[in-house]
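Worksheet: the structure to be examined is printed underneath.
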């Protein structure tokens, strides 16, 4: 360690460390919060979950982490080595109505985590139900154990998960005959495989994958509600046959496959806009509307951000990509897309895009900065002051380009030399 670094440590840090330790020695003995408890109350001090008798294939650490989400009570934390419930108790006495005491109670303090039997039981039941209903441990057992040391309580949840059931087979079914071949193709990319452990989260991912695939094939109205997941463990040992069934549309109708219909783009929309004040032009296969004399952003630029193509098969990804790209245009504050089924064809979806411009084309900003620097090689302390300003144009050439001109200047000077301590 260089001498200059030692000087800084001894001059600035060491006294602070000594003061902090000395304060802790004086304060901590007076911060015993158990003296505030009633005779029948215990303060939750420790909390643990132990996995016992787990199958070799079970990832114990991962399972333990998942179960901790069901804790209904956790021990209080500390602030500067002082239990937060102490701040709560000390500022909870009659007459403690000043803003300072309220601030200490609400900001520094925490309501004491007094052990409650009903919350302990909710935690135990939540863990057990999760293991049985979501993770495939259908014979799981969870028990809770409380150990008291004076007025402090330690709670341990003992988890015996047993054997986790696995997938014996996977079948994809559809009552909608028009989707049978599509579902067969989609099933080839399944996220689930024979022998995988039963896990509701993975089933949800697979259902979401099927939904996304169908939405990108034109089935705009398809959603998770049309997928029914069932299981059958008859005559199987620790295994389940899984069925993904695609339900028909309303009233047992076939799901409709949609195409993109007409596109209308309002390039300078505002909430008080009147149709009689708006003119339109047909460009790039879409109808562009404007109230101003000229387009704020060139239609060719806007068209590059739109991935919904007239008469093309609807794809949910194209819809989401269009929203993302239009929002990337700095010239606009808001982007809104309305969609409705074409009144003349129930398999076409028409889109109306509303682009609301920024209130100001120019952005002006001004900033200041004060900094302190220690350069150990020359053993100097420097204090600096800087000021900067910038001017940004969000649509300089009509293509929603962003151009910025900025200027910054500053000054720094030597503040002094730290006290030298020879060692």
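Things worth noting here:
- Answer residue from the stretch 99-120, given it is touching a strand residue (DSSP E or B) at 6+ places or on another chain (Cβ under 7 Å) and in a loop (DSSP other than H, G, I, E, B) and is nearest to residue 158 (Cα to Cα) among those: 115
- Note on the stretch 326-338: residues that are touching a helix residue (DSSP H, G or I) at 6+ places or on another chain (Cβ under 8 Å) and either touching a residue at least 24 places away in the same chain (Cβ under 8 Å) or more than 18 Å from residue 270 (Cβ to Cβ) (or both) amount to 3.
- Meeting the requirement of 3 or more residues that are closer than 17 Å to residue 52 by Cβ and over 28 Å from the mean Cα position of the chain (by Cα), the strands (runs of 3 or more DSSP E) wholly within the stretch 121-210 are 141-149, 152-160.
- Test: residue in the stretch 388-399 that is under 27 Å from residue 272 (Cα atoms), at pLDDT below 95, outside the structural domain of residue 210 (by TED's automatic domain parsing) and in contact with a helix residue (DSSP H, G or I) (Cβ under 6 Å, 6 or more places away or on another chain): yes
- Qualifying strands (runs of 3 or more DSSP E) (wholly inside the stretch 247-320; at least 3 residues being under 36 Å from the mean Cα position of the chain (by Cα) and either over 30 Å from residue 210 (Cβ atoms) or assigned by TED's automatic domain parsing to the domain that holds residue 332 (or both)): 259-266
- Of residues in the stretch 222-246 being surrounded by fewer than 16 Cβ atoms within 10 Å (Cβ to Cβ) and under 18 Å from residue 177 (Cβ atoms), the one nearest to the chain's Cα centre (by Cα): 228
- Residue in the stretch 212-220 that is under 30 Å from residue 195 (Cβ atoms), part of a loop (DSSP other than H, G, I, E, B) and not assigned by TED's automatic domain parsing to the domain that holds residue 333 present: yes
The values are calculated or read from the model by the stated rules, or taken from the named source; none is laboratory data. Keep in mind that what you see is a predicted model, and the values were worked out from it rather than measured. Positions of Cβ are generated from backbone atoms using ideal geometry, with glycine treated the same way; all protein chains shown enter the neighbour counts.
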